[in-house]
Every structure is written in C-alpha cells, then in structure tokens.
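The values are calculated or read from the model by the stated rules, or taken from the named source; none is laboratory data. Bear in mind that the values here come from a model prediction, so they are computed numbers and not experimental data. We place every Cβ from the backbone using ideal geometry, glycine too, and count neighbours over all the protein chains shown. Surface areas here come from the heavy atoms of the whole protein model, side chains and all, with no ligands, DNA or RNA. Shrake-Rupley method; radii C 1.70, N 1.55, O 1.52, S 1.80 Å.
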Amino acid sequence: MSLTDILSPSDIAAALRDCQAPDSFSPKKFFQISGMSKKSSSQLKEIFRILDNDQSGFIEEDELKYFLQRFECGARVLTASETKTFLAAADHDGDGKIGAEGINLFIYN
C-alpha cells in the first residue's frame, strides 16, 4: 500500500507546495491540506506505518527530517528547527520519538 492509496495525489502535491520554503512547514497545516486530518484512526495508523521507514513502530528524529520525502521523493528535507518543533508537538511521552498514538492525538487536537 502507498500513501496515494489513502490520500489524494493532488492533495499531497498541494500540501508539499505549501511548505516548499525552508522553515515554512506546519504539521497541522500539512495534515489539513494533505487530507490526513479527515482520515479515520485506522487510516492514520496505515499512513504512520508507511511513514515509519525502519518499521520500528516509531518515527524518530532522524526519520522525521525526511518526512516530506516520504510523500514525494524530490521533496525537501525538514530543517533542524522544523524537525525539533514537529517532534516536540507530537511526542506526548517525551521519549524522543513519535508512536502511532502520538500522531493520532496530534492530528485530532
């Protein structure tokens, strides 16, 4: 399964266009534009599984900086400040990584 099986390719493209400039990435806005904020919990878990590059069950900081590239291979890498801000917002237990539940809570809050 790929992200385009769950999300519209045109929505993904629009979300990526919105954050092309360095330090312009807003996770909440990206989730809204891409359509992720309208998906069910089970669909978000599948998206999370796809985004979890090493299939560890978590998205760590090293994976998070390549978040946009998981949607399109030519997309930019998140800046260090964007990565840290995203991680801090979605890491609800402070362990330095995001679990599927953390991303669900972040999207829906």
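Taking the conditions exactly as written (without any contact (Cβ under 8 Å) to a residue 60 or more places away in the chain, under 12 Å from the mean Cα position of the chain (by Cα) and either under 18 Å from Gln20 (Cβ atoms) or open to solvent by 30 Å² or more (accessible area, probe 1.4 Å) (or both)), does Leu68 satisfy them or not?
yes
On the given criteria, is Ser37 among the polar types (S, T, N, Q), modelled with pLDDT under 95 and open to solvent by 50 Å² or more (accessible area, probe 1.4 Å)?
Spelling it out, it is not the case that Ser37 is among the polar types (S, T, N, Q), modelled with pLDDT under 95 and open to solvent by 50 Å² or more (accessible area, probe 1.4 Å).
If you check every pair at least six apart or on different chains, which have Cβ atoms under 6 Å apart with a residue in the stretch 22-37 that is assigned to a helix (DSSP H, G or I) first and a residue that is of a type in the set (Asp, Glu) second?
Every condition considered, the pairs that remain are Ile33/Asp18; Ser34/Asp11.
Does Lys84 satisfy the criteria of being open to solvent by 60 Å² or more (accessible area, probe 1.4 Å) and touching a Ser or Thr at 6+ places or on another chain (Cβ under 8 Å)?
For Lys84, the condition - open to solvent by 60 Å² or more (accessible area, probe 1.4 Å) and touching a Ser or Thr at 6+ places or on another chain (Cβ under 8 Å) - is not met.
Out of the stretch 1-15, which residues are under 25 Å from Thr79 (Cβ atoms) and open to solvent by 20 Å² or more (accessible area, probe 1.4 Å)?
Once the filter is applied, which keeps residues that are under 25 Å from Thr79 (Cβ atoms) and open to solvent by 20 Å² or more (accessible area, probe 1.4 Å), the stretch 1-15 yields Asp11, Ala13, Ala14.
Condition test on Phe31, is it among the aromatic types (Phe, Trp, Tyr) and open to solvent by less than 20 Å² (accessible area, probe 1.4 Å)?
yes
Could you list, ordered by first residue, the pairs with Cβ atoms under 6 Å in which the first is in the stretch 41-53 and under 19 Å from Lys97 (Cβ atoms) and the second is open to solvent by 70 Å² or more (accessible area, probe 1.4 Å), at least 6 apart or interchain?
Every condition considered, the pairs that remain are Leu51/Arg70.
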